[in-house]
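The values are calculated or read from the model by the stated rules, or taken from the named source; none is laboratory data. Predicted model, so just to flag it, every value in this text is computed and none were measured. FYI the Cβ positions are ideal-geometry reconstructions off the backbone, even for glycines, and counts take in every protein chain you see.
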4 protein chains.
Amino acid sequence: MNVIVDLCVVPLGVGVSLSPYIAACEKVLTEAGLKVALHAYGTNIEGEWDAVFAAIKRCHEVVHEMGAPRISTTVKLGTRTDRAQSMEDKVKSVQAKM
Amino acid sequence: MNVIVDLCVVPLGVGVSLSPYIAACEKVLTEAGLKVALHAYGTNIEGEWDAVFAAIKRCHEVVHEMGAPRISTTVKLGTRTDRAQSMEDKVKSVQAKM
Amino acid sequence: MNVIVDLCVVPLGVGVSLSPYIAACEKVLTEAGLKVALHAYGTNIEGEWDAVFAAIKRCHEVVHEMGAPRISTTVKLGTRTDRAQSMEDKVKSVQAKM
Amino acid sequence: MNVIVDLCVVPLGVGVSLSPYIAACEKVLTEAGLKVALHAYGTNIEGEWDAVFAAIKRCHEVVHEMGAPRISTTVKLGTRTDRAQSMEDKVKSVQAKM
């Protein structure tokens, strides 16, 4: 099952500068071979369900190992059985109607 | 790694009445032996990471099998390494300060 | 326009104990006369759109005044024009199918 | 109070093709003079709190007017008092650490 995800990892107890933790997550996701696109409030990810969620789990492990005692993450995830759709398809589909 | 999750599964392409799909997800989660608490905009879940995410995957499979061609789900998930905390602890901790 | 909201306010830069901030938000919401129900990963709110979002803005102001330099909040919000539906209706509707 | 938002509007009861509704929301947001950036699972928005939330309300009104009887929207919203930060700053801040 293919899934398109929007991931936003928020480490707590490490002050207000979160970018080193987000950068570490980006590394985890790309090293997992997933298609990723960083935006201003999260990261779009596309891939097989199990690979995507294994990588998200690894993000939590890595961010804890970096010293964050607590993490609150928000994930949006979309699956569809009617047709294949990539992250680019989704953006183009909206832009075509604008 | 223990995780507390807030899960909100939104089936698309099946009209506006979503409760049969949500009820099916509740069944999946409880049959997986997870601790769950339904609220007005989602379901709190507590359990081991792998068990929780296997159940969430199963929810998507079941909702697709019920006829939903598309699903958009929102998940919040919290982990912490500083101390154990249950769903009840979280609520009590806030209520104690009110 | 009536709205049912799930609100999760996450103050950053204040350590890992967030309950005093969440309790302050509960106070803001109830003093605004909104119907609220706290759960383990947020708060359900029901009310008129403008009243609900004025209260959410007030939550951010209050949490900043309490000393949090940064806040990352997640909100789910549902509106419908086909029929009236309360928070209790939503829960009962699912439970009736379980 | 400046806010950075990630908005994801999901119309229900209109089938599986949501792009016309999302395109209409993009129009609302840009006509409101807000800075917006569409991605594969939502739209980043930057602006003054009141202007941003007035536009989000207008999105719900427009999507209902287009025929959607029900809408479930997810919003992430960040405010900070320690320093000004734009959407571009947030992305660059992560990329600088990668």
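Take the conditions at positive phi and either more than 17 Å from the chain's Cα centre (by Cα) or among the acidic types (Asp, Glu) (or both) and apply them to C:Gly67. Does it pass? Steps first, please.
Details: at positive phi: yes; either more than 17 Å from the chain's Cα centre (by Cα) or among the acidic types (Asp, Glu) (or both): yes.
It is true that C:Gly67 is at positive phi and either more than 17 Å from the chain's Cα centre (by Cα) or among the acidic types (Asp, Glu) (or both).
Tally the residues that are surrounded by 15 or more Cβ atoms within 10 Å (Cβ to Cβ) and either of a type in the set (A, V, I, L, M) or at the interface with chain D (Cβ under 7 Å from one of its Cβ atoms) (or both), restricting the search to the range A:81-96.
5
If a residue must be touching a Phe, Trp or Tyr at 6+ places or on another chain (Cβ under 8 Å), more than 24 Å from D:Ser17 (Cα to Cα) and not small (Gly, Ala, Ser), how many such residues does the range A:61-98 contain?
Going through the range A:61-98 one residue at a time, the tally reaches 2.
Given the structure, is D:Leu77 modelled with pLDDT of 95 or more, more than 15 Å from the chain's Cα centre (by Cα), facing another protein chain (nearest Cβ under 8 Å) and crowded, with 16+ Cβ neighbours inside 10 Å? So that I can check it myself, show each step before the final result.
Numbers: modelled with pLDDT of 95 or more: yes; more than 15 Å from the chain's Cα centre (by Cα): no; facing another protein chain (nearest Cβ under 8 Å): yes; crowded, with 16+ Cβ neighbours inside 10 Å: yes.
Taking the combined requirement at face value, the residue does not satisfy it.
Only one of A:Ala51, A:Ala24 is at pLDDT 95 or above, under 18 Å from A:Gly67 (Cα atoms) and part of a helix (DSSP H, G or I); which?
Going through A:Ala51, A:Ala24 in turn, the sole match is A:Ala24.
Can you pull out the residues in the range B:62-74 that are surrounded by 15 or more Cβ atoms within 10 Å (Cβ to Cβ) and more than 10 Å from chain C (Cβ to nearest Cβ)?
At the first step, the residues of the range B:62-74 found to be surrounded by 15 or more Cβ atoms within 10 Å (Cβ to Cβ) are B:62-64, B:68-74.
Within the range B:62-74, B:Val62, B:Val63, B:His64, B:Ala68, B:Pro69, B:Arg70, B:Ile71, B:Ser72, B:Thr73 meet the criteria.
I'd like the residue in the range C:37-53 that is within 21 Å of B:Val36 (Cβ to Cβ) and under 11 Å from the mean Cα position of the chain (by Cα) and, out of all such residues, is surrounded by the fewest Cβ atoms within 10 Å (Cβ to Cβ). Step through it out loud before you land on a result.
First, the residues of the range C:37-53 that are within 21 Å of B:Val36 (Cβ to Cβ): C:37-44.
Restricting the remaining residues to those that are under 11 Å from the mean Cα position of the chain (by Cα) gives C:37-39, C:41-44.
On the way: C:Ala37: 16, C:Leu38: 18, C:His39: 21, C:Tyr41: 26, C:Gly42: 25, C:Thr43: 22, C:Asn44: 21.
Among residues in the range C:37-53 that are within 21 Å of B:Val36 (Cβ to Cβ) and under 11 Å from the mean Cα position of the chain (by Cα), the one surrounded by the fewest Cβ atoms within 10 Å (Cβ to Cβ) is C:Ala37.
C:Lys57 is checked against (1) surrounded by 20 or more Cβ atoms within 10 Å (Cβ to Cβ); (2) more than 9 Å from chain B (Cβ to nearest Cβ); (3) within 16 Å of D:Val75 (Cβ to Cβ) and fails just one. What number does that condition carry?
(1)
Condition (residue is assigned to a helix (DSSP H, G or I), over 23 Å from C:Leu38 (Cα atoms) and not hydroxyl-bearing (Ser, Thr, Tyr)) applied to the range B:4-20: is it met by at least one residue?
For the range B:4-20, residues assigned to a helix (DSSP H, G or I), over 23 Å from C:Leu38 (Cα atoms) and not hydroxyl-bearing (Ser, Thr, Tyr): present.
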